[in-house]
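To start, the structure under review is shown below, and the notes come after it.
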Amino acid sequence: MTYEVTRTDAEWRAVLDPDEFKVLREAATERAWSGALLDEHRDGLFRCRACDAALFRSTAKFESGSGWPSFFEPVAPDAVVLEQDRAWGMTRTEVLCARCGSHLGHLFDDAPQTPTGDRFCMNSLSLAFDDGADA
């Protein structure tokens, strides 16, 4: 897939700190309960930390008890790309930023308490919070 924002690894390393690079560009996962945005409850918009694309509204965020920021839907269906992930001996749905292809987290269908039943389980390191945006 071709993305609107493309950079070499060296260019990504110049704009992301080492932990952000590991998550966004190498599909690492931050430790549960460690993310700075886990307890973010203000009105606003969650954006891709790599390219600033709008991803999730604060109104779609919910407490999943998983240890990572969770959302029941993206800001628009085409804001994210879903791909099958067979890493670690399991099959999951990986969530990527549709604008730059950065790894954001995974999608699970285990949230019956939400309007969609979905849990977009995101790494805080993959997101930037914008409290000046129209949520």
- [ ] Kindly check whether there is at least one residue in segment 85-105 that is more than 24 Å from residue 4 (Cβ to Cβ), touching a Gly at 6+ places or on another chain (Cβ under 7 Å) and not in a loop (DSSP other than H, G, I, E, B).
- [x] no
TODO: Mind counting the residues in segment 89-125 that are of a type outside the set (A, V, I, L, M) and under 19 Å from residue 63 (Cβ atoms)?
DONE: 17
Task: Count - residues of segment 67-83 that are assigned to a strand (DSSP E or B), buried (at least 19 other Cβ atoms within 10 Å of the Cβ) and of a type outside the set (Ser, Thr, Tyr) - done: 2
TODO: Please identify the pairs in which a residue from segment 45-70 that is in contact (Cβ under 8 Å) with a residue 60 or more places away in the chain has its Cβ atom under 7 Å from the Cβ atom of a residue that is basic (Lys, Arg) and part of a loop (DSSP other than H, G, I, E, B), counting only partners at least 6 apart or on another chain.
DONE: 48/99; 58/42
Task: Unique match (being under 18 Å from residue 124 (Cβ atoms) and charged (D, E, K, R)) among 4, 26, 73, 83 - done: 26
- [ ] Among the residues of segment 108-133, count how many are crowded, with 21+ Cβ neighbours inside 10 Å and outside any helix (DSSP H, G or I).
- [x] 6
- [ ] Name every residue in segment 82-106 that is farther than 16 Å from residue 23 by Cβ and within 13 Å of the chain's Cα centre (by Cα), in order of residue number.
- [x] 82, 93, 98, 99
- [ ] Residues being in a loop (DSSP other than H, G, I, E, B), touching a residue at least 60 places away in the same chain (Cβ under 8 Å) and either polar (S, T, N, Q) or farther than 11 Å from residue 104 by Cα (or both): count how many of those fall in segment 8-30.
- [x] 1
Task: Hits in segment 1-38 - residues which are among the acidic types (Asp, Glu), over 20 Å from residue 54 (Cα atoms) and either loosely packed, with under 14 Cβ neighbours inside 10 Å or modelled with pLDDT under 95 (or both) - done: 9, 11, 17, 19, 26
TODO: Give me a count of the residues in segment 42-52 that are among the small types (Gly, Ala, Ser) and either surrounded by fewer than 20 Cβ atoms within 10 Å (Cβ to Cβ) or on the phi > 0 side of the Ramachandran plot (or both).
DONE: 1
- [ ] Starting from segment 84-101, take each residue that is within 27 Å of residue 54 (Cα to Cα) and list its partners that are surrounded by 10 or more Cβ atoms within 10 Å (Cβ to Cβ) and among the aromatic types (Phe, Trp, Tyr), counting only C-beta distances under 7 angstrom and pairs at least six apart or across chains.
- [x] 95/120; 99/3; 100/3; 101/3
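The values are calculated or read from the model by the stated rules, or taken from the named source; none is laboratory data. Just so it is clear, the structure is predicted and the values come from calculations on it, not from any experiment. Reconstructed Cβ throughout: ideal geometry from the backbone, glycine too, with neighbour counts over all protein chains shown.
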